[in-house]
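Below is one structure; the comments refer to it alone.
The values are calculated or read from the model by the stated rules, or taken from the named source; none is laboratory data. Quick caveat, the model's predicted, so the values are computed rather than measured. Because the Cβ atoms are built from the backbone with ideal geometry, glycine has one as well, and the counts that use them run over all protein chains shown.
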Amino acid sequence: MSRDLLNNANDFTSMLIKTYVKEHHICLDGTVGNGNDTMKILNALNGTGKIYGFDIQEDAINHTESLIFDRNYNTEVLLIKDSHEYVDRYIKERINFAIYNLGYLPGGDKNIKTNYTSTIISIKKVLDLLAPNGILLITVYLGHPGGMDEYTAINDYLETLEQKNYNVFKLKFINQKNNPPITFGVEARGGE
Ligand SMILES: C[S@@+](CC[C@H](N)C(=O)[O-])C[C@H]1O[C@@H](n2cnc3c(N)ncnc32)[C@H](O)[C@@H]1O
């Protein structure tokens with residue numbers, strides 16, 4: 001049986017969404033953007049569960065809302081126009097799956113982008129909300145101004161997480177040129 005190649009970080013995260021997101025899961029898309037990840041999560045939830053989606057840009061929220069409306073899903077989707085650093089104001093339940101695709105909106109204003117201060121605040125809050133066996137995926141882009149600082153801050157913070165509480169991994173194409181994006185994964189232990 002043939003399978004698709006893993007050509008980039010998006011292919012990794014698509015595969016991981018299919019692996020981790022199960023029916024009835026509570027999910028978070030911390031950077032909704034063009035809605036691609038939100039739609040992949042919706043497909044995996046198959047008309048069950050719930051998605052919280054955050055973005056600071058109205059256009060991103062509106063565009064993603066229209067994608068969902070067009071597909072008429074039954075999953076509860078809450079799209080929130082606010083910074084993901086305030087996730088704890090909106091989410092009062094355990095999360096099974098969370099995804100962050102950092103940087104700026106492709107095709108949008110490159111000056112409106114994630115920054116390591118609010119990203120780290122948000123990551124810490126999401127880790128507190130993760131259910132046992134839940135996972136947080138973070139893809140970070142190094143090639144834009146501020147991207148390397150964001151990568152370093154995330155890498156340095158995730159390295160400090162206790163092995164007994166979390167499995168932390170990093171996915172990187174080591175033969176690709178021009179600083180390919182890197183995906184971090186943090187699995188919450190305690191459910192085994
Ligand atoms: C790379 S794009 C996300 C792409 C999206 N996941 C997709 O599948 O289309 C990054 C997004 O993060 C958003 N963003 C930047 N800072 C943010 C913040 N503090 N909280 C929430 N979203 C933020 C940007 O507005 C942008 O839409």
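Figures for the structure shown
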read-out	value
Condition check for PHE97: assigned to a strand (DSSP E or B) and free of Cβ contacts under 8 Å to residues at least 60 places away in the same chain	no
Residue match in the stretch 53-63 (condition: among the β-branched types (Val, Ile, Thr), crowded, with 21+ Cβ neighbours inside 10 Å and either closer than 15 Å to LEU137 by Cα or without any contact (Cβ under 8 Å) to a residue 60 or more places away in the chain (or both))	no
Residue satisfying condition, being away from the ligand (no atom under 14 Å from the Cβ), in contact (Cβ under 8 Å) with a residue 40 or more places away in the chain, not small (Gly, Ala, Ser) and not in a loop (DSSP other than H, G, I, E, B), within set ASP149, ASP156, ASP128	ASP128
Test for ILE182: is it under 21 Å from LEU129 (Cα atoms), modelled with pLDDT of 95 or more and in contact with a helix residue (DSSP H, G or I) (Cβ under 9 Å, 6 or more places away or on another chain)	no
Where HIS24 falls short, out of the listed (1) within 16 Å of the ligand (Cβ to nearest atom); (2) over 12 Å from the mean Cα position of the chain (by Cα)	(1)
Every residue from the stretch 1-38 that is closer than 25 Å to ILE56 by Cα and β-branched (Val, Ile, Thr)	THR13, ILE17, VAL21, ILE26, THR31, VAL32, THR38
When residues of the stretch 151-187 are limited to those that are over 15 Å from the mean Cα position of the chain (by Cα) and of a type in the set (Asp, Glu), the one farthest from ASN111 (Cα to Cα)	GLU162
Which listed residue is closer than 21 Å to VAL140 by Cα and away from the ligand (no atom under 13 Å from the Cβ), from LEU105, LEU16	LEU16
Those residues of the stretch 27-48 which are more than 8 Å from the ligand (Cβ to nearest atom) and not in a helix (DSSP H, G or I), in sequence order	CYS27, LEU28, ASN46, GLY47, THR48
